[in-house]
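One structure is given here, and the rest of the page talks about it.
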Amino acid sequence: MILKEVVTPILDPAIAKKMAKVMKAFSAEIKRFDKNAKITMTVTGEFSADVHADMTRWMRPEAVNDVWKETTAAIKKADDAGHIHELVEDGSGEHYAEAILSGLRPGMELKAEALFPTIGYQIKWKKIISKK
């Protein structure tokens with residue numbers, strides 16, 4: 001077993017401040033669309049984290065598409081220094097509910113939570129080296 005597998009990853013202190021700012025902007029934007037959304041952040045490395053919001057209601061595909069656009073814009077605006085290296089969408093798309101419904105067969109059970117969208121991003125930060 002490698003020690004790195006045992007240790008829980010933590011964000012670099014400089015990145016943690018930037019990530020807090022991004023989380024605040026992301027949360028504010030999500031709360032505009034769903035006040036009861038469950039927002040989580042998972043640290044995946046020293047310079048990367050995953051941010052997810054599990055919505056608590058069904059949304060039309062147009063509304064889900066608007067949420068993606070607004071949250072992406074909010075994250076990019078919160079990163080005023082341009083230190084985000086990569087921002088990858090990671091969640092259910094606007095046609096997720098239609099795909100679930102098209103795959104149903106007679107007699108299958110479906111819970112309403114399966115149709116609620118998930119909005120998420122994988123955020124990787126640049127490694128900024130400063131000479132002090």
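Observations on the model:
- Unique match (being in contact (Cβ under 8 Å) with a residue 60 or more places away in the chain and either part of a helix (DSSP H, G or I) or loosely packed, with under 11 Cβ neighbours inside 10 Å (or both)) among 81, 97: 81
- Residues of segment 24-40 classified as crowded, with 18+ Cβ neighbours inside 10 Å and either more than 17 Å from residue 87 (Cα to Cα) or touching a strand residue (DSSP E or B) at 6+ places or on another chain (Cβ under 6 Å) (or both), total: 5
- Just one of the listed residues (82, 103, 93) is at positive phi, out of contact with any helix residue (DSSP H, G or I) (no Cβ under 7 Å at 6 or more places or on another chain) and of a type in the set (Gly, Ala, Ser), namely 82.
Here's the yes/no breakdown for (1) without any contact (Cβ under 8 Å) to a residue 40 or more places away in the chain; (2) under 17 Å from residue 21 (Cα atoms); (3) hydrophobic (A, V, I, L, M, F, W, C); (4) part of a helix (DSSP H, G or I):
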residue: 40; (1), (2), (3), (4): yes, yes, no, no
residue: 53; (1), (2), (3), (4): no, yes, yes, no
residue: 56; (1), (2), (3), (4): no, no, no, no
residue: 85; (1), (2), (3), (4): no, yes, no, no
residue: 110; (1), (2), (3), (4): yes, no, yes, no
residue: 123; (1), (2), (3), (4): no, yes, yes, no
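- Single unsatisfied condition, residue 106 versus (1) surrounded by fewer than 14 Cβ atoms within 10 Å (Cβ to Cβ); (2) over 12 Å from the mean Cα position of the chain (by Cα); (3) outside any loop (DSSP other than H, G, I, E, B): (3)
- Matching residues in segment 42-57 - criterion: being out of contact with any Ser or Thr (no Cβ under 6 Å at 6 or more places or on another chain) and surrounded by fewer than 18 Cβ atoms within 10 Å (Cβ to Cβ): 42, 43, 44, 45, 46, 56, 57
- Reported count of residues in segment 33-80, each being in contact with a His (Cβ under 7 Å, 6 or more places away or on another chain) and over 16 Å from residue 122 (Cα atoms), is 1.
Values quoted throughout were computed directly from the atomic coordinates according to the rules given, and no laboratory measurement underlies them. Values in this document were obtained by computation on a predicted structure and should not be read as measured data. For neighbour counting, all protein chains shown are included, and Cβ atoms are generated from backbone atoms with ideal geometry for every residue, glycine included.
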